[in-house]
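What follows is one structure encoded as structure tokens, with my remarks underneath.
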């Protein structure tokens, strides 16, 4: 660990970058699923003439799918962290 005022060790900064990039990826996955379903609903609205209805349903379905994905990843991380604290390895 690095002390206050000293230069951080290489391992500390690499770990921080790795952890933050993992969570940025989760956020991008959430945003991408929401946007993809929204655009799909908008396209279907244009074909069927049901103006904002399917776009809104798509947005909520995409947000739900993104949230489920985010939740499953984060709960998996908590399980892995608990396994590491116990001294066992997750498979």
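Given the peptides 51-57, 37-43, arrange them by the average over their residues of other C-beta atoms within 10 Å, most packed first.
37-43, 51-57
Estimate the FRET efficiency between residue 14 and residue 75 by the formula 1/(1 + (r/R0)^6), using the beta-carbon distance for r and 25 Å for R0, to the nearest 0.05.
Efficiency for this residue pair is about 0.50.
So for the pair residue 53, residue 31, with labels modelled 7 Å out along Cα→Cβ, what separation do we get in nm?
3.2 nm
For region 25-81, what is the relative contact order in percent, using Cα pairs closer than 8 Å and at least 6 residues apart in sequence?
Reported relative contact order: 40 percent.
Restricting to Cα atoms and excluding each atom paired with itself, what does the Kirkwood estimate give for region 25-81 in Å?
Evaluated on region 25-81, it is 11.8 Å.
Since every read-out is calculated from the coordinates, none of them should be taken as a lab result. Because the structure is a prediction, the values reported are computed rather than measured. Neighbour counts run over all protein chains shown; Cβ positions are idealised from the backbone, glycine included.
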